[in-house]
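Single-structure report; data block below.
The values are calculated or read from the model by the stated rules, or taken from the named source; none is laboratory data. Keep in mind that what you see is a predicted model, and the values were worked out from it rather than measured. Here the Cβ is made from the backbone with ideal geometry for all residues, glycine too, and neighbour counts use every protein chain on show.
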Amino acid sequence: MTELKNLIATAKEKGSFPTLMKAAEKLKLINKYSNEGPFTIFAPVESAFEQIPDEVVDESFDDHGYLLGIINYHIVEGKYTTADLAGLTELETISGNKLKITVKDGIKVDTAKIIEADIECSNGIIHAIDEILVP
């Protein structure tokens with residue numbers, strides 16, 4: 001059995017989340033999500049950013065508070081597998097907002113569909129989602 005890597009190392013290794021990783025670096029969250037936890041991260045894949053104009057993404061990266069609010073809306077304390085999520089209707093994010101969980105044709109978090117589930121990490125779990133969650 002291979003040893004699990006932390007959330008950051010796993011996300012980098014997957015290669016599916018370059019914009020999310022850039023945001024984590026910009027917000028200096030690499031150390032936190034490498035060492036603390038457990039956390040569940042609903043991670044938008046790169047294609048989720050394609051529908052947003054580049055200048056909007058750039059502006060978001062320049063607004064530290066706004067970017068942190070968006071990132072924190074994708075993270076929940078604790079480790080929730082899809083089996084756990086299937087029994088829930090909502091989860092509180094680390095920003096204090098609630099994510100709506102629905103189970104119909106797969107699991108959705110707000111309007112985003114989990115497209116790759118249960119990516120195990122040493123300090124949590126990642127679920128790849130097809131949209132960016134906005135509080």
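Data overview
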quantity	calculated
Some residue of the stretch 14-33 being surrounded by 15 or more Cβ atoms within 10 Å (Cβ to Cβ), over 12 Å from the mean Cα position of the chain (by Cα) and at positive phi	no
Test result for I75, within 21 Å of S60 (Cβ to Cβ), out of contact with any Ser or Thr (no Cβ under 8 Å at 6 or more places or on another chain) and not small (G, A, S)	no
Check on L27, farther than 22 Å from T111 by Cβ, out of contact with any Cys (no Cβ under 8 Å at 6 or more places or on another chain) and not β-branched (V, I, T)	yes
Pairs with Cβ under 9 Å, 6+ apart, first in the stretch 53-70 and within 15 Å of L20 (Cβ to Cβ) and free of Cβ contacts under 8 Å to residues at least 60 places away in the same chain, second part of a loop (DSSP other than H, G, I, E, B) and among the polar types (S, T, N, Q)	L68/S95
Count of residues meeting criterion [more than 15 Å from E46 (Cβ to Cβ), touching a Lys or Arg at 6+ places or on another chain (Cβ under 8 Å) and surrounded by fewer than 17 Cβ atoms within 10 Å (Cβ to Cβ)] in the stretch 111-135	1
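Let's see how each residue does on (1) over 23 Å from K113 (Cβ atoms); (2) surrounded by fewer than 20 Cβ atoms within 10 Å (Cβ to Cβ); (3) at pLDDT below 95:
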{"site": "N6", "(1), (2), (3)": "yes, yes, no"}
{"site": "A11", "(1), (2), (3)": "no, no, no"}
{"site": "F39", "(1), (2), (3)": "no, no, no"}
{"site": "A43", "(1), (2), (3)": "no, no, no"}
{"site": "E50", "(1), (2), (3)": "no, yes, yes"}
